[in-house]
Amino acid sequence: MEKSNEVIAFDHVRFCYGEVCAIRHATFSLKKNTLTALIGPNGGGKSTIIKLLAGVIKHEEGSIDVAPGSYIGYVPQSAAFDQTFPITVFQAVLLGTLETRIKPFKTYTKAQKEQAKQAIAEVGLAGKENRGINQLSGGQVERTMIARALASDADIIVLDEPDSSLDVDAAAELYELLKTLKKEKTILVASHRLDKILDIADAALFVDGTVAVYDNISQLKEKFQAGVLL
Amino acid sequence: MIRAIFQYSFMQNALAAALLASIVTGIIGTIAIEKKLISMSGGIAHASFGGIGLGYLAGFEPIWGGLAFAIGSSLLISKISKSKRVNADTMTGILWSFGMALGILFISLAPGYMPDMTSYLFGDILAVSSSAVVIMVFFTAAIAAVFVMFYAYLNAYLFDEEYALASGINTRALELMIYLMIPAGIIVLIKIVGVILTIALMTVPVSIAKLFFKSFGKVVVASMLISAVFSLLGLTASYYVNISSGVCIVVLASLVYLVIMLTRQRVQSRMHTNKQHKECQHQKTKD
């Protein structure tokens with residue numbers, strides 16, 4: 001970690017699916033308490049970067065450094081989990097507090113339950129704790145998944161296209177929530193909705209096999225508005 | 001029939017078998033449905049018939065052969081599901097028919113008259129022996145113990161495997177647990193509903209429970225109770241009309257599921273219409 005305010009640093013990271021390399025020479029860093037937009041075409045490698053950060057897949061070359069004491073909370077794409085699964089909002093968020101090491105007869109402590117309740121309140125779902133996941137709207141499901149990441153005590157949250165299946169209003173509410181969260185968390189969010197995500201981002205990474213870093217968002221917005229980007 | 005339960009040991013065995021099978025149904029049925037392993041479970045159940053046939057040919061307890069084939073198939077499908085070269089669904093189909101064919105082959109090769117395999121194919125709750133009940137108790141206890149011990153982690157894994165992996169939970173160990181619990185559970189169910197009808201007992205009670213409950217634990221317990229009701233009704237029917245217990249249970253369970261589904265849809269659509277009507281009236285009063 002070169003600078004004190006960096007919480008994540010990728011250095012020449014490469015990952016391939018068999019013979020097809022999704023990303024090569026990916027070098028960038030994420031600064032503490034900022035929101036970075038991960039943008040780029042489909043198949044460009046956005047989800048690969050999110051999954052590498054979450055630890056779902058392991059990089060082949062280069063290095064990924066995470067600041068000591070930092071913990072990454074993962075919010076997968078809604079298609080990655082079963083939305084018909086019989087689970088309430090509270091139970092789903094509680095899973096975020098689960099210890100990594102498998103312990104027989106695990107029961108949740110009072111503190112873990114309190115942590116889950118706080119996370120639910122933080123994403124604006126207080127009062128909906130006992131609703132089944134399958135009774136929620138798309139926006140509420142995304143909020144539940146964010147609450148699960150918050151309940152895990154993560155200071156870095158990575159989200160894989162959380163706005164992909166949301167209508168305009170639900171997406172606007174989600175961006176508002178992310179804007180609030182970035183005051184205390186470092187956020188990396190993959191999105192296709194450039195017009196909206198760039199409004200709340202502090203930096204952006206354009207991914208298309210390699211990573212281009214944009215610390216100046218207004219410059220990127222101008223490119224997007226001029227139709228140069230994508 | 002109640003008097004018969006007190007009088008005859010075969011009825012006591014049948015009752016014990018029905019209740020044990022219900023516990024297994026609630027656990028492995030819910031796991032298989034939530035992990036989308038129903039088709040694989042069907043493959044395992046049918047593949048186990050090869051082991052049952054081998055037991056007849058080699059002269060050992062057929063259920064142990066069935067268990068060995070079921071576990072072998074389950075682990076093979078688990079391994080293949082990670083391979084990009086072979087499709088796990090295709091392998092399930094192959095094991096499904098290969099196991100059945102092997103079973104018939106082994107039984108045909110066994111000396112003497114070909115035994116009646118109906119009880120293994122369609123289940124015969126009234127023919128469950130005391131030694132079979134002991135085997136069923138062992139497997140049911142093992143499955144229930146693993147499920148209770150690791151409930152929180154199985155819940156996390158079944159709901160969102162990718163998140164569990166990202167959190168650092170040993171998902172491989174949980175996967176292995178599941179791929180061993182399913183064949184062990186299938187061996188318990190085979191005695192009641194047979195190789196061919198096992199999937200129905202694994203799916204119908206869970207599907208009914210899922211219509212009413214929104215928590216994983218409640219679905220498991222409700223599935224056990226629903227399965228117990230169907231199994232006891234199947235046992236009663238089997239006792240009085242002398243038809244295979246598996247057939248009675250599956251026909252009854254499937255009909256009940258269909259009736260609940262249709263009734264629920266009608267009630268829900270009526271409730272929706274009433275709600276809209278009330279909202280309309282409320283709006284008119286306001287205007």
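No value in this document is a laboratory result; all are computed from the given coordinates. None of these values were measured; they are calculated from a predicted model. Counting neighbours? That spans all protein chains shown, and the Cβs are built from the backbone with ideal geometry, glycine included.
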For A:75-81, what's the mean count of beta carbons from other chains sitting within 10 Å of each residue's beta carbon?
-> 3
Helix B:62-80 versus the longest principal axis of chain B: what is the Cα-based angle in degrees, 0 to 90, to the nearest 10?
-> 60
Nearest 10, in degrees from 0 to 90: the angle of helix B:9-24 to the longest Cα principal axis of chain B is 50
Give the angle, between 0 and 90 degrees and rounded to the nearest 10, that separates the Cα long axis of helix B:38-58 from the longest principal axis of the Cα atoms of chain B.
-> 20
If you average the sequence gap of Cα pairs under 8 Å that are 6 or more apart and divide by the length of the range A:79-153, what percent do you get for the contact order?
-> 49
Here the alpha-carbon Rg of chain B over 2.2 N^0.38 Å rounds to 1.13
When you count, for each residue, the other Cβ atoms within 10 Å and take the mean per peptide, how do B:98-108, A:100-110 rank with the highest first?
-> B:98-108, A:100-110
Rounded to the nearest 500, what is the protein assembly as shown's calculated 222 nm mean residue ellipticity when only DSSP H runs of at least 4 contribute -39500 (n - 2.57) each, over all residues?
-> -20000 deg cm²/dmol
Hey, can you rank A:80-88, B:145-153, B:198-206 by average C-beta count inside 10 Å, highest first?
-> B:198-206, A:80-88, B:145-153
For the range B:1-122, calculate the relative contact order in percent as a whole number, restricting contacts to Cα pairs under 8 Å that are 6 or more residues apart.
-> 26
Based on the mean of other Cβ atoms within 10 Å per residue, sort peptides A:150-156, B:128-134 so the most packed one is first.
-> A:150-156, B:128-134
Can you pull the mean other chain C-beta count within 10 Å for peptide B:145-155?
-> 4
Count the DSSP beta bridges whose two residues both fall in the protein assembly as shown, then state the antiparallel fraction as a percent rounded to the nearest 5.
-> 55
What are the semi-axes of the equivalent ellipsoid for the range A:79-153, taken as the square roots of 5 times the Cα gyration tensor eigenvalues, largest first, in whole Å?
-> 20, 14, 11
Could you give the longest part of chain B that holds none of the trypsin sites (Lys or Arg not before Pro) found in DSSP loops with at most 11 neighbouring Cβ atoms within 10 Å?
-> B:86-287
Could you work out, residue by residue across A:87-97, how many beta carbons of other chains sit within 10 Å of that residue's beta carbon, and then give the average as an integer?
-> 4
Counted charge near A:ALA54, where neighbours are those whose Cβ lies closer than 14 Å (Asp, Glu -1; Lys, Arg +1) | -1
Using a Förster distance of 25 angstrom, determine the FRET efficiency expected from the C-beta separation of A:LYS110 and A:ASN130, and round it to 0.05.
-> 0.85
Please compute the Cα-Cα pair-distance distribution of the protein assembly as shown with 20 Å bins starting at 0, giving whole percents from short to long.
-> 20, 44, 28, 8, 0
Relative contact order of chain A, defined on C-alpha pairs under 8 angstrom at six or more residues apart (%) | 29
Which of the residue pairs A:LYS117/B:LYS214; A:LYS58/A:LYS110; A:LYS182/A:LYS221; A:LYS128/A:LYS196 have a Cα-Cα distance greater than 25 Å in the structure shown?
-> A:LYS58/A:LYS110; A:LYS128/A:LYS196
About the Cα centre of the range A:79-153, what is the dipole size in debye to 20, counting +1 per Lys and Arg Cβ and -1 per Asp and Glu Cβ, all else neutral?
-> 240
In sequence order, calculated HN-Hα J values of the range B:251-260 (Karplus, 6.51, -1.76, 1.60; Hz; x Gly/Pro) = 4, 4, 4, 5, 5, 4, 4, 4, 4, 4
